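**Q** This is the structure I want to talk about, given as structure tokens.
Laboratory data are not the source of any read-out in this text; all were calculated from the coordinates shown. It should be emphasised that the depicted structure is a prediction, and the values quoted were computed from it without experimental measurement. Virtual Cβ from ideal backbone geometry, glycine too; neighbours counted across all protein chains shown.
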Amino acid sequence: MPLLEVQHVSSGYGEMRILHDVSIRVASGEAVTLIGPNGAGKSTLLKTIFGLLVPTQGRILLDDVDIAGTKPPSLVRRGMSYVPQVENVFPSLTVQENLEMGAFVRHDFAERLDEMYAFFPTLGQKRQQRVGSLSGGERQMVAMGRALMLDPRLLLLDEPSAGLSPRLVGTVFEKMAEINQAGVALLVVEQNARAALRLSHRGYIMAGGQVRLEGKGEHLLQDEEVGRLYLGGRR
């Protein structure tokens with residue numbers, strides 16, 4: 001039984017339908033990437049899974065329970081966390097205050113804070129610094145750390161490498177791999193498709209609000225048609 005299963009979901013914004021009969025699955029401990037052109041519906045799918053949008057049809061199962069339309073706070077308590085692409089930190093708060101905001105349903109989180117500082121040593125060194133003064137890569141680590149404060153089983157990441165320098169992109173992907181190796185399932189939307197597929201067990205290619213292709217990450221990387229259409233050619 002998959003940890004997460006999206007079954008024939010359609011969704012969008014008001015009268016504008018973006019997703020059309022989308023089905024995907026994520027197993028416990030699995031890393032899965034969604035790739036495709038801008039406007040394909042990838043971010044809309046994450047928002048629909050996390051309850052920010054209500055599907056017009058279909059089911060979203062978490063542990064075989066339909067959670068479609070469930071509000072984000074309830075989903076967080078069920079073991080799901082989400083890091084949006086933008087506005088994913090509180091810039092006027094310190095690193096520690098941001099992490100504490102991620103533990104809003106826990107009263108005793110000191111041990112978890114220590115774990116996050118061990119996992120992200122840079123954050124430990126800057127725990128009293130306001131997040132707005134950090135680099136883009138450091139802010140992304142704060143966002144991921146806050147999402148991990150409640151020890152989720154499934155982490156949704158929307159464009160985690162967006163706007164980062166090549167060096168910081170590598171650091172963020174290393175941390176994503178470590179998170180997955182620790183047993184957290186990942187569902188990632190990422191324009192850096194090659195790096196994301198190398199990280200992932202499986203991938204889905206989306207276009208026009210639909211899933212066009214599914215496969216193992218390594219197989220999608222080796223597929224000449226996928227390379228030509230979605231990965232900028234063979235490398």
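**Q** Would you work out the relative contact order for the chain, in percent, from Cα pairs under 8 angstrom that are 6 or more residues apart?
**A** Once divided by the residue count of the chain, the mean separation gives 26 percent.
**Q** In whole angstrom, and with the biggest value first, how far do the Cα coordinates of the stretch 86-150 range along each principal axis?
**A** Computed over the stretch 86-150, the largest-to-smallest principal extents equal 29, 22, 17 Å.
**Q** In whole percent, what relative contact order does the stretch 1-133 give with Cα contacts below 8 Å and a gap of six or more residues?
**A** Relative contact order of the stretch 1-133: 21 percent.
**Q** Among 131, 226, 188, 65, what is the fewest-to-most ranking by other Cβ atoms within 10 Å?
**A** In order of increasing Cβ crowding within 10 Å: 65, 226, 131, 188.
**Q** Taking Rh as the Kirkwood radius, which is the inverse of the mean 1/r over Cα pairs, what is the Rg/Rh value for the stretch 1-141?
**A** 1.02
**Q** What full-extension length gain, to one decimal in nm, is calculated for residue 38 and residue 65 as 0.36 nm per residue of separation minus the Cα-Cα distance?
**A** So the chain would gain 6.6 nm between residue 38 and residue 65.
**Q** As I understand it, the value is the acute angle between the Cα axis of helix 110-119 and the longest principal axis of the Cα atoms of the chain; what does it come to in degrees, rounded to 10?
**A** Relative to the chain, helix 110-119 is tipped by roughly 70 degrees.
**Q** Enumerate the residues in the stretch 68-94 having an amide nitrogen under 15 Å from the point lying 7 Å beyond the Cα of residue 133 toward its Cβ.
**A** Only 91-94 pass the distance filter.
**Q** Here's a follow-up. Counting DSSP beta bridges in the stretch 141-232, what percent are antiparallel, to the nearest 5?
**A** 55 percent
**Q** Kindly provide the pair-distance distribution of the stretch 114-235 built from C-alpha pairs, with 10 Å bins from 0 and whole-percent values in order of increasing distance.
**A** Answer for the stretch 114-235: a P(r) of 12, 41, 31, 13, 3 percent.
**Q** Which percent of Cα-Cα pairs in the stretch 11-86 sits in each 5 Å bin, short to long?
**A** All Cα pairs, binned at 5 Å, distribute as 3, 14, 26, 28, 21, 7, 1, 0 percent.
**Q** I would also like to ask the following. For the pair residue 17 and residue 225, how long in nm is the line joining their label points, each one 7 Å along Cα→Cβ?
**A** Between residue 17 and residue 225, the label points sit 2.6 nm apart.
**Q** OK, next. Test of understanding: what is the full-extension gain from residue 162 to residue 118, defined as 0.36 nm times their sequence separation minus their Cα-Cα distance?
**A** Gain on stretching residue 162 to residue 118: 13.4 nm.
**Q** Could I ask something else about it? Select from 3, 110, 22 the residue farthest towards the positive end of the dipole of the chain; place +1 on Cβ of Lys and Arg, -1 on Cβ of Asp and Glu, and compute about the Cα centre.
**A** 22
**Q** Counting other beta carbons within 10 Å of each residue's own, what order do 87, 218, 100 fall into, fewest first?
**A** With the fewest neighbours first, 87, 218, 100 line up as 87, 218, 100.
**Q** Using a Gaussian network for the chain with springs between C-alpha atoms less than 10 Å apart, which of these wobbles most: 64, 108, 151?
**A** Checking each option, the largest mean-square fluctuation is seen for 108.
**Q** With the convex hull built on the Cα atoms of the chain, state its orientation-averaged projected area in nm².
**A** 12.4 nm²
**Q** Which number comes out as Rg/Rh for the stretch 169-235 once both Rg and the Kirkwood Rh are worked out on C-alpha atoms?
**A** That ratio is 0.97, to two decimals.
**Q** With θ set to phi - 60° and the Karplus curve 6.51 cos²θ - 1.76 cosθ + 1.60, what are the ³J(HN,Hα) couplings of the stretch 167-178 in order, to the nearest whole Hz, using x for Gly and Pro?
**A** Couplings: 5, 6, 4, x, 5, 5, 5, 4, 5, 4, 4, 5 Hz.
**Q** Can you tell me the length gained on complete extension of the stretch residue 57 to residue 174, counting 0.36 nm per residue apart and subtracting the Cα distance?
**A** Roughly 38.5 nm would be gained on extension.
**Q** Hey, in the GNM for the chain with a 10 angstrom Cα cutoff, which one of 38, 88, 98 fluctuates hardest?
**A** Of 38, 88, 98, the most mobile in the Gaussian network model is 38.
**Q** While we're here: May I ask for the distance between the Cα centers of the stretch 37-57 and the stretch 121-160, given as a whole number of Å?
**A** The stretch 37-57 and the stretch 121-160 have Cα centres separated by 23 Å.
**Q** Further, regarding this structure: Normalised by the number of residues in the stretch 86-150, what is the relative contact order in percent for Cα pairs under 8 Å and 6+ residues apart?
**A** After rounding, I find 52 percent.
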